[in-house]
Structures are given as C-alpha cells and as structure tokens.
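Data block below; observations after.
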Amino acid sequence: MCCHSEADEENQAVERKDSLGANAFSEWHKGLRHSEWHGIILLYSKIFFWEFFMCGIVGYIGSKNVAEVLINGLRRLEYRGYDSVGIATLIGDELIIQKQKGKVIDLIKRLDYEKFNGCTVGIGHTRWATHGEPNDINAHPHCDCKGDIALVHNGIIENYGAIKKVLIEHGHTIQSETDTEVLVHLIEYYHQT
C-alpha cells in the first residue's frame with residue numbers, strides 16, 4: 001500500500017521542474033525592479049553557504065576619479081588578499097574590467113588612468129584564492145556572458161559545481177575556475193527569465 005499524498009507528488013514535480021532549486025524565487029523575482037536586486041543574496045541562503053575568507057572589496061560612487069579611489073582603497077585592503085587584483089567601472093554604458101594576477105602595484109603599473117577620466121562608479125577586489133589558481137582569468141571582477149554585470153565576491157559557494165553544470169546546460173560560458181563567476185551568471189540567468 002502506498003503512503004504518500006498529493007502534496008508529496010506536487011513537491012516532487014516542483015523539484016523535477018526546478019533544476020536550480022529555486023522555483024519559488026524564479027516566479028517571485030519577475031516583478032523585481034533593478035533597485036531590489038541587492039536582496040538576491042538573501043533569497044539564495046538555502047543554495048549558498050557563505051564562509052568569509054580574506055579578500056578585499058571596495059566600491060565607489062561619487063564625483064572623484066573612480067580609478068584613483070579604487071586603487072587607494074585596494075592598497076589599504078591588500079593585506080586581505082594579494083594573489084590577484086582587479087577593478088570594474090562603467091564608462092557611459094560600457095563595462096570596463098581590468099584585472100590580473102599579482103599585487104595592487106602590478107595593476108597600477110598597467111592601469112591607464114586617462115581611460116577612466118570622467119568615470120565615477122566602480123568596484124575593486126584583491127583576491128585570496130579559494131577556487132582556481134591565482135591567474136588573470138580567475139582574478140575578480142567577473143562578468144556575465146553579455147558583459148553587462150560585474151561582480152566581486154568574498155566567500156565560498158559550496159555547491160558552485162552543480163550550479164555551474166546547470167548554467168552551462170542553459171548556454172552560459174564560464175571562463176574561470178572560480179565559484180564567483182558562477183554567481184554572476186546565476187544572476188544573469190534569473191535576470192533574463
């Protein structure tokens with residue numbers, strides 16, 4: 001004799017339907033305004049396990065030259081991560097990312113400050129590698145497939161391998177070995193649906 005209810009069958013159907021394990025969110029998020037996307041991380045608490053390691057993150061919006069502000073902030077935070085470094089800024093509608101293996105001084109040597117004139121918004125990151133070796137590709141920030149979203153992250157996403165597999169099945173191109181890049185593609189995935 002079978003001992004399951006219609007509710008059990010519905011739950012199994014939802015689990016099969018939702019390959020990312022976030023069916024409720026995939027329906028709820030459709031009404032989100034861009035200003036509400038910052039709450040995404042809280043909504044994924046069942047998917048992600050956050051354990052904070054040593055990385056330095058800086059962000060800036062203001063009237064000063066963003067490259068100078070980000071570099072000064074990253075210099076102060078370099079003790080929190082020193083195997084790679086990078087910044088992302090918006091120049092008009094174009095997302096500009098400059099990142100590399102090494103210390104902040106190595107980025108400074110390659111940075112074209114004139115390129116960032118007039119730019120007043122950006123994020124920066126110094127990395128302490130947890131997933132993927134220290135190299136230019138694994139350095140933060142990471143961006144989505146279209147180059148519209150840049151992301152820096154501090155912590156570990158324990159199930160990033162499973163999420164990465166599903167994202168690749170949905171046509172996303174993951175370039176790095178990091179768990180962080182999976183997160184930016186996951187945001188892109190939900191932003192598109």
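The values are calculated or read from the model by the stated rules, or taken from the named source; none is laboratory data. Computed from a predicted structure; not experimentally measured. Because the Cβ atoms are built from the backbone with ideal geometry, glycine has one as well, and the counts that use them run over all protein chains shown. For accessibility, only protein heavy atoms count, side chains too; no ligands or nucleic acids. Shrake-Rupley method; radii C 1.70, N 1.55, O 1.52, S 1.80 Å.
Quick notes on this one:
The rows are residues; the columns are (1) over 22 Å from Arg76 (Cα atoms); (2) in contact with an Asp or Glu (Cβ under 7 Å, 6 or more places away or on another chain).
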site: Thr89; (1), (2): no, no
site: Glu94; (1), (2): yes, no
site: Lys103; (1), (2): no, yes
site: Asp112; (1), (2): no, no
site: Val121; (1), (2): no, no
site: Pro141; (1), (2): no, no
site: Val166; (1), (2): yes, no
site: Glu181; (1), (2): yes, no
site: Tyr189; (1), (2): yes, no
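Rundown of residues vs (1) at pLDDT 85 or above; (2) basic (Lys, Arg); (3) in contact with a Lys or Arg (Cβ under 8 Å, 6 or more places away or on another chain), yes/no style:
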{"residue": "Glu78", "(1), (2), (3)": "no, no, yes"}
{"residue": "Tyr82", "(1), (2), (3)": "no, no, yes"}
{"residue": "Val85", "(1), (2), (3)": "yes, no, yes"}
{"residue": "Lys103", "(1), (2), (3)": "yes, yes, no"}
{"residue": "Lys109", "(1), (2), (3)": "yes, yes, no"}
{"residue": "Lys115", "(1), (2), (3)": "no, yes, no"}
{"residue": "Ile123", "(1), (2), (3)": "yes, no, no"}
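- Lone unmet requirement of (1) out of contact with any His (no Cβ under 9 Å at 6 or more places or on another chain); (2) buried (at least 16 other Cβ atoms within 10 Å of the Cβ) for Gly161: (2)
- Meets criteria (out of contact with any helix residue (DSSP H, G or I) (no Cβ under 6 Å at 6 or more places or on another chain) and either of a type in the set (Gly, Ala, Ser) or buried (at least 20 other Cβ atoms within 10 Å of the Cβ) (or both)) for Gly124: no
- Some residue of region 162-173 being polar (S, T, N, Q) and either within 25 Å of Arg80 (Cβ to Cβ) or in a helix (DSSP H, G or I) (or both): no
- When Ser176 is tested against (1) in contact with an Asp or Glu (Cβ under 9 Å, 6 or more places away or on another chain); (2) part of a loop (DSSP other than H, G, I, E, B), just one condition goes unmet, and that condition is (1).
- Flag: Ala129 does not match the condition of being in contact (Cβ under 8 Å) with a residue 24 or more places away in the chain, in contact with a Cys (Cβ under 6 Å, 6 or more places away or on another chain) and surrounded by 18 or more Cβ atoms within 10 Å (Cβ to Cβ).
- Ile187 vs. criteria closer than 22 Å to Val69 by Cβ, open to solvent by 10 Å² or more (accessible area, probe 1.4 Å), β-branched (Val, Ile, Thr) and not in a loop (DSSP other than H, G, I, E, B): no
- Identity of the residue in region 79-116, of a type in the set (Lys, Arg) and open to solvent by less than 100 Å² (accessible area, probe 1.4 Å), that ends up farthest from Val58 (Cα to Cα): Lys115
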